[in-house]
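The values are calculated or read from the model by the stated rules, or taken from the named source; none is laboratory data. Computed from a prediction, not measured in an experiment: that's the story for all the values here. Counting neighbours? That spans all protein chains shown, and the Cβs are built from the backbone with ideal geometry, glycine included.
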Amino acid sequence: MSDENSTPPNSPSARQSEGWERQVITQLALEGLREQKIARRWRIVMFFLVITLLFLSLVGPYLISATSKGTIGKHTALVDLSGVIAANSDASADRIVTGLRAAFEDENTVGVILRINSPGGSPVQSGYINDEIERLRGEYPEIPLYAVVMDICASGGYYVAAAADEIYADKASIVGSIGVRMDGFGFVEAIDKLGIERRLLTAGEHKALLDPFLPQGETEKAHMQRLLDAIHTQFIETVKAGRGDRLADNPEIFSGLVWTGDEALELGLIDGLGSSGYVAREIIGEEKIVDYTPRKSVFDRFLTNLGASVAKGAIEAATEPSLR
């Protein structure tokens with residue numbers, strides 16, 4: 001018994017229905033192929049982009065150096081020290097010293113400006129930079145080095161600046177903080193109130209030195225204060241060696257206080273007021289400035305933007321040995 005409402009297979013309406021279905025399937029297939037082609041093209045583009053960035057990061061600096069060497073002419077060299085002075089920062093001793101060496105070694109360098117904008121940091125890293133400035137000044141006595149302060153030149157920043165021939169700053173710059181500090185916290189009463197039992201095993205009478213969950217012992221406190229005083233003495237001697245009789249006879253200079261550029265000038269902490277452009281033009285006598293500050297490569301910045309630096313830091317933190 002046949003269905004009166006069914007459509008015969010060869011009827012016009014049936015053929016129209018099958019044609020419509022084939023058209024939809026064909027369109028879907030073509031759309032899938034188009035998307036695959038687009039995805040493949042993007043993969044090719046990204047591949048060549050990564051290869052290009054890698055090439056520029058590895059070879060680019062050498063090509064620029066080779067093509068520009070001897071074509072810049074006489075100039076004032078500039079090296080930026082910006083941020084906290086620490087081993088793995090942009091203001092690390094390795095990075096700043098690399099820039100200073102390149103600046104002094106260029107035969108067209110008339111003078112060097114070390115532009116500082118730093119609240120300080122590691123006394124060791126600051127000491128490395130100070131020592132290298134002294135060495136370079138001795139090796140290239142005909143090339144003067146001037147420190148120019150931007151917003152702030154405090155603590156380790158001033159430790160570095162003290163090695164310069166002269167120091168310049170803006171009248172509103174913050175200068176000084178010739179002192180040493182060590183920060184910490186104590187949670188002894190907090191864990192007692194919370195009912196937390198502190199479990200610590202050590203080998204060595206003072207191995208738990210400065211542990212924030214243990215009471216501070218007078219012996220350990222005196223020991224650490226002695227270390228801070230010794231580093232402070234080194235700091236004072238470095239500043240006096242660099243500044244000489246330009247320093248005012250004022251004990252407050254080494255108290256850890258900071259001053260404006262105007263006040264620092266009166267105290268002999270700086271030699272004048274002026275910017276990098278002023279020093280290049282009026283003091284060094286060569287207005288053309290060439291930046292020798294080591295910068296991150298294009299590829300490194302690309303990886304940083306992708307978050308690779310976060311992953312790298314996590315891996316280093318997990319694998320780095322510790323003696324704490």
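What is the number of the single condition among (1) surrounded by 15 or more Cβ atoms within 10 Å (Cβ to Cβ); (2) at pLDDT 95 or above; (3) assigned to a loop (DSSP other than H, G, I, E, B) that A248 does not meet?
That leaves (1) as the condition not met.
Of the conditions (1) out of contact with any Lys or Arg (no Cβ under 8 Å at 6 or more places or on another chain); (2) surrounded by 14 or more Cβ atoms within 10 Å (Cβ to Cβ); (3) at pLDDT 95 or above, L273 satisfies every one except a single condition; which number is it?
(1)
Of the residues T98, T109, which single one is assigned by TED's automatic domain parsing to the domain that holds P294, of a type outside the set (D, E) and surrounded by fewer than 17 Cβ atoms within 10 Å (Cβ to Cβ)? Show your work before the answer.
On the way: T109 fails: surrounded by fewer than 17 Cβ atoms within 10 Å (Cβ to Cβ).
Sole residue among the options that is assigned by TED's automatic domain parsing to the domain that holds P294, of a type outside the set (D, E) and surrounded by fewer than 17 Cβ atoms within 10 Å (Cβ to Cβ): T98.
Do you know which of the residues in segment 200-225 that are within 31 Å of the chain's Cα centre (by Cα) and not in a loop (DSSP other than H, G, I, E, B) is surrounded by the most Cβ atoms within 10 Å (Cβ to Cβ)?
Initially, segment 200-225 is screened for residues within 31 Å of the chain's Cα centre (by Cα), giving 209-212, 224-225.
Checking which are not in a loop (DSSP other than H, G, I, E, B) leaves us with 224-225.
Working: M224: 15, Q225: 11.
Among those that are within 31 Å of the chain's Cα centre (by Cα) and not in a loop (DSSP other than H, G, I, E, B), it is M224.
Could you check segment 128-149 and list, in sequence order, the residues that are without any contact (Cβ under 8 Å) to a residue 60 or more places away in the chain and either under 21 Å from the mean Cα position of the chain (by Cα) or outside the structural domain of L269 (by TED's automatic domain parsing) (or both)?
Y128, I129, D131, E132, I133, A147
Only one of S57, S65 is of a type in the set (S, T, N, Q), out of contact with any Cys (no Cβ under 9 Å at 6 or more places or on another chain), surrounded by fewer than 14 Cβ atoms within 10 Å (Cβ to Cβ) and modelled with pLDDT under 80. Can you tell me which? If you could, list the steps in order and put the result at the bottom.
Values: S57 fails: surrounded by fewer than 14 Cβ atoms within 10 Å (Cβ to Cβ).
Checking each option against the conditions leaves just S65.
Test E166 against the stated conditions and say whether it is in contact with a strand residue (DSSP E or B) (Cβ under 8 Å, 6 or more places away or on another chain), surrounded by fewer than 22 Cβ atoms within 10 Å (Cβ to Cβ) and either in contact (Cβ under 8 Å) with a residue 40 or more places away in the chain or in the same structural domain as R281 (by TED's automatic domain parsing) (or both).
On the way: in contact with a strand residue (DSSP E or B) (Cβ under 8 Å, 6 or more places away or on another chain): yes; surrounded by fewer than 22 Cβ atoms within 10 Å (Cβ to Cβ): yes; either in contact (Cβ under 8 Å) with a residue 40 or more places away in the chain or in the same structural domain as R281 (by TED's automatic domain parsing) (or both): yes.
Against the criterion (in contact with a strand residue (DSSP E or B) (Cβ under 8 Å, 6 or more places away or on another chain), surrounded by fewer than 22 Cβ atoms within 10 Å (Cβ to Cβ) and either in contact (Cβ under 8 Å) with a residue 40 or more places away in the chain or in the same structural domain as R281 (by TED's automatic domain parsing) (or both)), E166 qualifies.
Please go through (1) in a helix (DSSP H, G or I); (2) crowded, with 16+ Cβ neighbours inside 10 Å; (3) at pLDDT below 95; (4) not polar (S, T, N, Q) for R243 and return the number of the only condition it doesn't satisfy.
Result: R243 fails condition (3) only.
In the set E282, E286, which member is outside any helix (DSSP H, G or I), over 28 Å from the mean Cα position of the chain (by Cα), assigned by TED's automatic domain parsing to the domain that holds A163 and under 20 Å from L114 (Cα atoms)?
Numbers: E282 fails: outside any helix (DSSP H, G or I).
Just a single option satisfies the conditions, and that option is E286.
If you take the residues in segment 127-158 that are outside any loop (DSSP other than H, G, I, E, B) and touching a Pro at 6+ places or on another chain (Cβ under 7 Å), which one is surrounded by the most Cβ atoms within 10 Å (Cβ to Cβ)? Before you say what the answer is, go through the steps one by one.
Within segment 127-158, the first condition is being outside any loop (DSSP other than H, G, I, E, B), and the residues that meet it are 127-139, 145-154, 156-158.
Applying the additional criterion that residues be touching a Pro at 6+ places or on another chain (Cβ under 7 Å) yields 152, 154, 156-157.
On the way: I152: 20, A154: 24, G156: 28, G157: 30.
Across segment 127-158, the extreme among qualifying residues is G157.
Kindly establish whether I116 is out of contact with any Phe, Trp or Tyr (no Cβ under 6 Å at 6 or more places or on another chain), of a type in the set (A, V, I, L, M, F, W, C) and either under 17 Å from D291 (Cβ atoms) or part of a helix (DSSP H, G or I) (or both). So that I can check it myself, show each step before the final result.
On the way: out of contact with any Phe, Trp or Tyr (no Cβ under 6 Å at 6 or more places or on another chain): yes; of a type in the set (A, V, I, L, M, F, W, C): yes; either under 17 Å from D291 (Cβ atoms) or part of a helix (DSSP H, G or I) (or both): yes.
Yes, satisfied.
When you go through (1) touching a Phe, Trp or Tyr at 6+ places or on another chain (Cβ under 6 Å); (2) surrounded by fewer than 12 Cβ atoms within 10 Å (Cβ to Cβ) one by one for G176, which number turns out not to apply?
(2)
Say we look at segment 226-238 and pick out the residues that are of a type in the set (V, I, T) and more than 25 Å from the chain's Cα centre (by Cα); which of these is surrounded by the fewest Cβ atoms within 10 Å (Cβ to Cβ)? Before you say what the answer is, go through the steps one by one.
Keep residues of segment 226-238 that are of a type in the set (V, I, T), which gives 231, 233, 236, 238.
From the residues that got through so far, the ones that are more than 25 Å from the chain's Cα centre (by Cα) too are 233, 236.
Working: T233: 12, I236: 14.
Ranking the qualifying residues of segment 226-238, first place goes to T233.
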